[in-house]
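Working notes for the structure below.
Read-outs throughout are calculated quantities, based only on the coordinates presented, and are distinct from any laboratory measurement. Quantities reported herein were computed from a predicted structural model and do not represent experimental measurements. Positions of Cβ are backbone-derived with ideal geometry, glycine not excepted, and every protein chain shown enters the neighbour counts.
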Amino acid sequence: MKDRLTITITDVNGSKHYTTHKIAQKLALYLASFLFIVIAIGITMILVLQREVSAMEEKKIEIQQEIAQLLDENTGLRLNVADKAEELDVLSLKLGDIEEMVGLKYQGHLDVASRIELASLTSAEKAAVFQNIPNGSPLNETIVTSHFGERIHPISGTKEKHGGVDLRAKMNTNIFATADGVVEYAANHKKSGYGKLLIISHNYGFKTFYGHLNGFEVKQGDFIQKGDLVARSGSSGKSSAPHLHYEVRYIQRRADPMNFIKWDMQSYESIFSKEKYIKWPSLVQAITRPMSQLPQQLLQTAQK
């Protein structure tokens, strides 16, 4: 009886006795403890897994948000690339107009950056020419009242050669230099009918004459730049009304000023055939020689 366990259960009907072996009791106790431990571990693992699942769900939401943001950025980049491509197409078209204006052949084999550099080179060369040789009008508004060549003089009534052009200008209209140079003469020219006369000596043998002036904004010896205000129009000397008499001379030979007044970037080569006595190739080469220091590849392309 030592290894047995008696369990007594008493109720209104009396008492009942149950006897069990102690080994079975221990096994039951061990089994119950094992089940408790298993259940506890299971609950703990479930809680841990739930916590990890929650963290993964949060991470998933963050990743989805990042993906959505990247998709938005990608869409924006695509739109930006499309806009840049459109801008590049427009730039290429405008560059083509510039190339045509400066006299370049279509440079389709070059990228846009190289074409811009080449166009800049050519434009710089022509700008140097226009800075040194008279071009454009000395007035803001150009209306010719008497052309270059044979005419009947308005005062003497005799037929004579007109060495320049007369441009309509009210008294004290501003007059501007048509190229860089130095003031050679700025005074009343008593030996001719020019009246108050301004002579500007430009580079490479060119001079411009401004006659019948009312006043000067510069004096002899002044260095001036193209576009500088140099004088005011009048009616001094042999003149019947206020106007500007304008002349362009090359090595003392009078040229038709209108060829130089109309000369611009778009009509760059026109003057070469109109004023043939000027040695244009060597003259232009002398002006643009510093440009030869630029990359030879672009220079070779420009000469094709």
Dividing the Cα radius of gyration by the Kirkwood radius, what Rg/Rh value follows for the stretch 144-261? 0.94
Only four residue types carry charge here, +1 at the Cβ of Lys and Arg and -1 at the Cβ of Asp and Glu. Report the dipole size of the stretch 144-261 about the Cα centre in Debye, rounded to the nearest 20. 360 debye
Of the convex hull drawn through the C-alpha atoms of the stretch 177-219, the volume per residue in Å³ is 70 Å³
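Fewest Cβ neighbours within 10 Å first, please rank GLU247, GLU62, GLU217 accordingly. Don't skip to the answer; put the middle values down first.
Details: GLU247 22, GLU62 10, GLU217 18.
Going from least to most buried by this count: GLU62, GLU217, GLU247.
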Neighbour net charge for MET45 - beta-carbon separation under 11 angstrom, K R +1, D E -1: 0
Out-of-range pairs (alpha-carbon distance over 28 Å; input LYS159/LYS190; LYS191/LYS262; LYS126/LYS159; LYS84/LYS226): LYS191/LYS262; LYS126/LYS159; LYS84/LYS226
Taking the stretch 144-261 and dividing mean pair separation by its residue count, relative contact order in percent (alpha carbons under 8 Å, at least six apart): 30 percent
Please list 268-280, 250-262 highest first by mean number of surrounding beta-carbon atoms within 10 Å per residue. 250-262, 268-280
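At a Förster radius of 41 Å, what calculated FRET efficiency corresponds to the Cβ-Cβ distance of PHE36 and ASN13, to the nearest 0.05?
In this case the efficiency is close to 0.75.
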Set the Förster distance to 45 Å, then compute FRET efficiency between ASN172 and ASP83 from the Cβ-Cβ distance, nearest 0.05. 0.30
Quick one: which of 163-172, 45-54, 190-199 comes out on top by average Cβ neighbours within 10 Å, and what's the full order, highest first? 163-172, 190-199, 45-54
